[in-house]
Amino acid sequence: FFSAFRSVMSEPAAKKAKLSCSAALSFPRHSAPTFPRRRMFNGFFAPTPTPYNDDGSVNLDLIPVLGEKLVADGADGVFINGTAGEGVLLAPADRKAMTEAWVKFAGPKATRKLKIISHVGEENGPATKDLAAHAQAAGVDGIACMSPCIFKPKSVVSLVDWLADIASACPSTPFIYYHCTFLTGPSFRCFDILRACDLAIPNMKGCKFTDRDIGDLATCLQYFPDMDIFPAFDNQLLMSCLLGADAFVSCGVNLIAPMYKACFNLVRAGKLEEAKAVMARIIDFWERCETYSSGVYSKIGHLAKWLVGLKLGGKKFGPPCRPIASMSSDEMKGVDALLRDWGWKDWTVTPTE
């Protein structure tokens with residue numbers, strides 16, 4: 001496979017751009033796909049924060065509290081141990097405990113309250129494979145993995161080789177590449193990565209797309225209609241809906257899920273002007289959250305925990321993992337005032353507010 005893929009990647013850019021998905025799929029696979037060539041996920045997934053006790057231990061008691069609120073708000077699933085959950089900063093034992101707690105809350109797959117995608121990415125390959133094998137044994141619905149972000153792959157081939165090795169540890173579970181180049185680098189096109197993964201990984205099912213390149217997203221959605229492509233930037237929701245996306249991992253699902261679903265449903269109903277109005281409200285929400293710029297946005301782990309805790313009636317999710325900085329009391333008061341002015345009433349929201 002990799003010798004064939006290298007020959008494609010060495011072609012002139014103009015020729016590569018014309019290479020269709022069907023042409024790429026003419027290369028020999030390592031093996032037959034594990035799953036039917038159809039979509040397996042849809043709807044809105046919340047990238048959940050990780051709650052901590054004052055002593056630094058994981059507070060598993062808050063998982064069902066958050067889970068029930070997400071179900072009530074209409075969320076379709078959770079993306080756990082990811083960036084919002086500070087996954088790469090957690091001890092492996094804590095990541096495993098979080099996975100088990102969410103699976104316990106969600107219940108049996110046939111009647112599951114929320115679908116669960118667990119992110120297992122680590123810098124160390126064997127540790128990542130161990131987390132992947134554990135997540136599969138625990139019974140998650142999907143397993144996600146991002147690129148190593150310190151010793152970065154130097155080519156698409158080396159990245160896909162890494163991902164294929166991780167996916168081999170969870171062969172009976174849908175595997176999802178976590179594309180987050182602004183954090184991990186390198187800046188390879190997601191389309192090129194998926195094209196290679198589709199050949200190299202039998203249980204490959206899609207990607208979480210956390211990138212500013214909307215053209216790359218459009219290409220992925222067009223050429224991989226049977227993969228699950230999850231746009232993740234909140235301010236790209238409307239554009240993603242217009243491009244045909246119907247599965248999302250968005251921080252706002254933790255907080256204002258009804259507005260996200262309203263935007264999606266309005267696009268599907270052809271009510272674009274109304275959808276734009278809802279999208280404007282969503283953008284305003286996040287602009288208010290990021291008003292303190294380097295103060296709040298760089299402290300996104302604490303911001304997410306604090307806001308989710310407020311939404312749950314003042315539950316304490318604990319401080320963020322170091323080296324993520326905590327918000328100051330002045331920053332908390334400032335965001336609180338801005339969001340109440342935006343329209344949160346008792347920390348709840350409806351699409352009409």
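In a residue-by-residue description of region 286-309, the property of being assigned to a strand (DSSP E or B) and within 30 Å of Asn53 (Cα to Cα) applies to no position.
Residue count for region 209-232, restricted to those that are free of Cβ contacts under 8 Å to residues at least 24 places away in the same chain and surrounded by 23 or more Cβ atoms within 10 Å (Cβ to Cβ): 2.
Take the residues of region 298-341 that are among the basic types (Lys, Arg) and under 19 Å from the mean Cα position of the chain (by Cα): which is modelled with the lowest pLDDT? So, considering only residues that are among the basic types (Lys, Arg) and under 19 Å from the mean Cα position of the chain (by Cα), the one modelled with the lowest pLDDT is Lys299. What tally of residues in region 82-114 results from selecting those that are farther than 20 Å from Gly318 by Cα, surrounded by 22 or more Cβ atoms within 10 Å (Cβ to Cβ) and of a type in the set (S, T, N, Q)? Number of matching residues: 0. Please indicate, with yes or no, whether at least one residue in region 268-282 is at pLDDT below 80, over 22 Å from the mean Cα position of the chain (by Cα) and either of a type outside the set (D, E, K, R) or surrounded by fewer than 16 Cβ atoms within 10 Å (Cβ to Cβ) (or both). No, that holds for no residue.
Filter region 54-81 down to the residues that are among the hydrophobic types (A, V, I, L, M, F, W, C) and buried (at least 19 other Cβ atoms within 10 Å of the Cβ) and list them by number.
Val58, Leu62, Ile63, Leu66, Leu70, Ala75, Val78, Phe79, Ile80 - these are the residues of region 54-81 that are among the hydrophobic types (A, V, I, L, M, F, W, C) and buried (at least 19 other Cβ atoms within 10 Å of the Cβ).
The listed residues are Pro49, Pro64, Pro28, Pro36, and the only one of them that is in a loop (DSSP other than H, G, I, E, B), touching a helix residue (DSSP H, G or I) at 6+ places or on another chain (Cβ under 9 Å) and at pLDDT 55 or above turns out to be Pro49.
The values are calculated or read from the model by the stated rules, or taken from the named source; none is laboratory data. Just so you know, these numbers come straight off a predicted model, no measurement behind them. Here the Cβ is made from the backbone with ideal geometry for all residues, glycine too, and neighbour counts use every protein chain on show.
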